[in-house]
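Data block below; observations after.
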Amino acid sequence: MNLPALLLALLPVLSGPDGRLQVHFSEDGGALRYSIAYDGRTLVEPSRLGLQTNDADYTRLEAVSSETQQTRDTYVLDRIKVSRVDHPAVRAVLHCKNPQGRPLDIEWHLTANDAAFRYLIPKDTETGSVRVLREASAFRFPEGTTGFLTPQSDAMIGWKRSKPSYEEFYRLDVPLSERSQYGHGFTFPCLFRVGDDGWVLVSETGVDSRYCASHLSDYDPAEGYSLAFPMPEENNGNGTVEPAFALPGATPWRTLTVGSGLAPIVETTIPFDVVTPRYETSRGYRYGKSSWSWIVWQDASMNRADQVAFIDLAAAMGWPYILIDAGWDKEFGHAGMEDLVRYARGKGVDVFLWYSSSGWWNDIVQSPTDIMCDPLARKPEMRWLERIGVKGIKVDFFGGDKQETMRLYEAILSDADDHGLMCIFHGATLPRGWERMYPNYVGSEAVLASENLVFGQVHCDLESQNAALHPFLRNTVGSMEFGGVFLNRRLDRRNGEPGRGGRVSGTLRRTTDAAELAIAVLYQNPIQNFALTPNNLTDAPAEAIAFLREVPTTWDETRLVDGYPGRDIVLARRHGAAWYVAAVNAGDEPLAVDVRALEARFGGTARVLSTGKDGLQAGPATKKPLRLPKDDGAVIIIR
Ligand code: CA
C-alpha cells in the first residue's frame, strides 16, 4: 500500500443514524474535503473545509482522529413546525491540525436526513480571541444540478437605503452557472435538485452575537459555492465584516438537509436541533392571530377611528392581538397610546407596537426611530411598554448581516424578555435557530412579504407560486412573518369600489378565497398578522370568516404530502387531534387532491373548503378527487 492510499484509509466515514446518509472525507493538495451521499448516490461532491483567522490558517488541514457518539435530539418547542422533536442523531468530532501543527476540531451532527458541521477553535496558545478572516467551507454539486435561489442584495439600496433585507425574487430550477442578480451570491436557505438523484437544502443556524450571518457566493466551477461573509457596504459601511470571538470558540453550524424526495426538506428540524437557549425566560408567551390595519389601509389608517375599527375586528374574530404599525407615536403620543391600549385590553385584545431599529444604517423616517438601537432609550421604553400592558414589538429596518447587527438583534430580544415582550423583526435577516435560542422570538419577515401584494401587481401574479415555494425554502428553516391571507379582491381600502372618475384602484388578487385560506396553514409563524379588513366581516364568505376564527397558529406535526417547489403543494399540519391539509396550485395543469386518500392517511373525517360554482364552499369528501386549477387551493380539515 502506498502512502496516499494509507492516509485515505485512515479518514473516517460518518453515517447517519439509519446509515442511509454518509459523509466521506478526502484530502487533496493539503485541503480537507467532505462529500455527502444518500442511499449511495452522491448529492454533494468533495467540497472544501477550513477557515482562516488572524491567528492561524486552517484552510489546509489534516484529519488526525475522530470520535463518534450515538445520541438523540429530544426537546419541546411551541413555535415551530412540530411541538416535540425526538429522533436519533450521531455526533462526531473530527480532530484536525494545520501544517504548523495548530489543532482545529470540526464537529458534525447527523440525523437521518441532515448533516451539520461547525468549527471549534481551541485555546492552544496565549491568544485569547480571534477574528475570522474567511471560511473556506464550500458546497459542490454534481453536474446537472439546478438551484432554487434568491440573491443577496446590494447594500444601501431600496426603500430609504434599507437593504439587504432578504426581500428579493427567487429563480427556480436554474443551472448552477447562473450568476446572482447583484453579483454577491445567494441568501440562505438555498435549495438544489440533483437531477433525479435527490435534493439538498443548504443553510446555517446558531448565529448569535458571537458571529456574523453568512450567505453563499456565486458558483465557482472548481470549488462550488463558498460560504460568504457580509459586504463591507452593509450598515452604511460601519462595522467589520470579520466576526470575532473569544477562545475556545465556535462558528455557527453549516447545515445540509438531503433526501431522495422533498419531505425531509419540508420537515427538517436541523435549524433547532443543534442550538440551545441563549437565556431562560420566566415569562409565559401566548401565540395567536392578529389584526393589522397598515397592510391594506396603509399609512392613512394611523388614526384613532381606524385603529379602533381593527381592535374591534380582532375582538369580533376572537383574535388575541392587534399590531399597531409605524407612526403611532406621532399620531397618539405615549399618553394617547396608553389610552388606546386600555381600550384594546377592555375588548380582550392585546397590542404589538412597531419600532424602527434605526440607527445609522438607513434613511428611515417612519417613527418611532432611534429607540431600539440605543440601550439608554430602549430600556425605559420597554419598562413603559410593560407598564401599559403591551405584549410585543415589531422592529423594522435592520442594517445587514454583520456581527454588530446580530448583537443588536440579541440585545433587543434579551431586553424585551425582561419586560415580557415578544419580538417580530421586519426588514430583517433570516432567523437562524432563533425560535429555540430566544424564548420571546416569534418571527421574521425576510421574504417578499404581503406588503408587496399591495404595492405591485407582479407580486399578486406570483402569489400562488410563492405559496407553493416558501414551505420548501424560506419557511422550512424558520418562522416567516408574512402577514398574508387577503379576502379583499382588490388590495386597497376601496376593495374595488370605483373612485373619482369611475377609476378602480388597488392590485388585483389572482388567488381564490380557498387558496388564501390554504396560505393560513402553508405559512408557519406562531403569531399571524392576517390581512383581513373590517369589511370582510360582511363581504367575505361566512365559511372563510369561520375558518379564520378557528385556524391554529401553532402545530404539533408537519408532513409534506406532495408538491414541487413553485409549482404546487399539498402540506399537512396537525394541531391537537385535527389535521389541516392545505393545497395550492401555481401550475398550468390542474392539481388533483384525493381527499378520500387523505382521510385514510391521517385517520378521520374530512371537511373540505374549496372553490365551487358560487365561490368558497364547505362540505364533506367526495369520491372524485378535487381538481384545482392554477391559483386555486383547498383546505381539508380531518378529525
Ligand atoms: Ca418589508
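The values are calculated or read from the model by the stated rules, or taken from the named source; none is laboratory data. Not measured: the values here are computed from a predicted model. Glycine gets a Cβ as well: all are built from the backbone with ideal geometry, and neighbour counts include every protein chain shown. Note: accessible area is taken over every heavy atom of the protein model, side chains too, but ligands, DNA and RNA are not part of it. Shrake-Rupley method; radii C 1.70, N 1.55, O 1.52, S 1.80 Å.
Laid out as a table, the results:
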item	result
Qualifying residue in segment 196-210 (condition: of a type in the set (D, E), open to solvent by less than 50 Å² (accessible area, probe 1.4 Å) and in contact (Cβ under 8 Å) with a residue 40 or more places away in the chain)	yes
Hey, K379 free of Cβ contacts under 8 Å to residues at least 60 places away in the same chain, in contact with a Ser or Thr (Cβ under 9 Å, 6 or more places away or on another chain) and in a helix (DSSP H, G or I) or not	no
Some residue of segment 351-359 being open to solvent by 30 Å² or more (accessible area, probe 1.4 Å) and within 26 Å of the chain's Cα centre (by Cα)	no
Selected residue (only one of T150, T111, T145 is in contact (Cβ under 8 Å) with a residue 12 or more places away in the chain, within 16 Å of the ligand (Cβ to nearest atom) and within 26 Å of V477 (Cα to Cα))	T150
One residue from G389, G420, G346 being more than 16 Å from the ligand (Cβ to nearest atom), in the same structural domain as G506 (by TED's automatic domain parsing) and surrounded by fewer than 24 Cβ atoms within 10 Å (Cβ to Cβ)	G346
Selection within segment 490-519 - touching a Leu at 6+ places or on another chain (Cβ under 7 Å) and either assigned to a helix (DSSP H, G or I) or not hydrophobic (A, V, I, L, M, F, W, C) (or both)	R490, G506, T507, R509, D513, A514, E516, L517
Some residue of segment 112-129 being part of a loop (DSSP other than H, G, I, E, B) and under 31 Å from the mean Cα position of the chain (by Cα)	yes
Enumeration of residues in segment 257-268 that are open to solvent by 10 Å² or more (accessible area, probe 1.4 Å) and out of contact with any Gly (no Cβ under 8 Å at 6 or more places or on another chain)	A263, P264, E267
Selected residue [open to solvent by less than 20 Å² (accessible area, probe 1.4 Å), closer than 17 Å to L133 by Cα, in contact (Cβ under 8 Å) with a residue 24 or more places away in the chain and in contact with a Gly (Cβ under 6 Å, 6 or more places away or on another chain)] from P271, P252	P252
Only one of W361, W319, W354, W328 that is within 16 Å of the ligand (Cβ to nearest atom) and within 28 Å of N536 (Cα to Cα)	W354
Test: residue in segment 167-190 that is within 16 Å of the ligand (Cβ to nearest atom), assigned to a loop (DSSP other than H, G, I, E, B) and crowded, with 24+ Cβ neighbours inside 10 Å	yes
Checklist (1) within 28 Å of G399 (Cβ to Cβ); (2) surrounded by 14 or more Cβ atoms within 10 Å (Cβ to Cβ); (3) at pLDDT 95 or above applied to A315, failing item	(1)
Residue within segment 279-287 that is within 17 Å of the chain's Cα centre (by Cα) and under 28 Å from T53 (Cβ atoms) present	no
Residues within segment 206-223 that are under 17 Å from F186 (Cα atoms) and assigned to a loop (DSSP other than H, G, I, E, B), tallied	8
Subset of segment 433-454 [more than 16 Å from the ligand (Cβ to nearest atom) and either more than 12 Å from the chain's Cα centre (by Cα) or acidic (D, E) (or both)]	E435, R436, M437, Y438, P439, N440, Y441
Leading residue by the ranking (farthest from T533 (Cα to Cα)) among those in segment 423-455 that are of a type in the set (D, E, K, R) and open to solvent by less than 10 Å² (accessible area, probe 1.4 Å)	R432
The lone exception for R161 - which of (1) closer than 22 Å to F482 by Cβ; (2) within 16 Å of the ligand (Cβ to nearest atom) it fails	(1)
Evaluation of W360 against (1) part of a loop (DSSP other than H, G, I, E, B); (2) under 22 Å from D396 (Cβ atoms); (3) modelled with pLDDT of 95 or more (one fails), failing number	(3)
D631 being among the acidic types (D, E), at positive phi, outside any strand (DSSP E or B) and not assigned by TED's automatic domain parsing to the domain that holds H470	yes
